[in-house]
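Dropping the structure in here first, questions after.
The values are calculated or read from the model by the stated rules, or taken from the named source; none is laboratory data. Quick caveat: nothing in here was measured; it's all calculated off a predicted structure. Cβ atoms come from the backbone with ideal geometry, glycine included; neighbour counts cover every protein chain shown.
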């Protein structure tokens, strides 16, 4: 495994429940570890094969061998969230861990949206303080 490819600092998170002062359950995510890794979108042939095996996936995350990783965890990197769909140990050599993930659609609050435009690709283009961000419109699988 080439260390140079593992250049993204990834937060590994697990769901946590706390109670408010009124006794309401508040669900949140706690970062349990940080690891250097590689997040990359799947190519068309990988995407077709992964979707056939694991259901709907969009990205592959590669880490050095990580023994305590669970399917109910998720990854967070640069404000993006990736839900774990499958965990692989290539060649069963315990050198690296490959994780198939589904990226959550970006969420925005009304205070961060300046404009919403639907383009020909069916994407929403959000203009936030002069920066354009394009996010696909979520579809039901």
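Quick check on region 82-97. Is at least one of its residues more than 22 Å from residue 14 (Cα to Cα) and modelled with pLDDT under 65? Step through it out loud before you land on a result.
Quick first cut of region 82-97, residues more than 22 Å from residue 14 (Cα to Cα) only: 90-95.
So of that shortlist, the ones also modelled with pLDDT under 65 come out as none.
Looking for residues that are more than 22 Å from residue 14 (Cα to Cα) and modelled with pLDDT under 65, one finds none in region 82-97, hence no.
Just to verify a result, which residue in region 50-68, among those that are farther than 11 Å from residue 98 by Cα and at pLDDT 70 or above, is surrounded by the most Cβ atoms within 10 Å (Cβ to Cβ)?
Pass one, region 50-68, residues farther than 11 Å from residue 98 by Cα: 50-58, 67-68.
Next, only the ones that are at pLDDT 70 or above stay: 56-58, 67-68.
On the way: 56: 13, 57: 23, 58: 18, 67: 7, 68: 8.
The selected residue is 57.
While we're on this one: Return the residues of region 21-47 that are farther than 26 Å from residue 93 by Cβ and at pLDDT below 85; say none if nothing qualifies. I'd like the intermediate steps shown before the answer.
The initial filter retains those residues of region 21-47 that are farther than 26 Å from residue 93 by Cβ, namely 21-31, 44.
Selection gives 44 alone.
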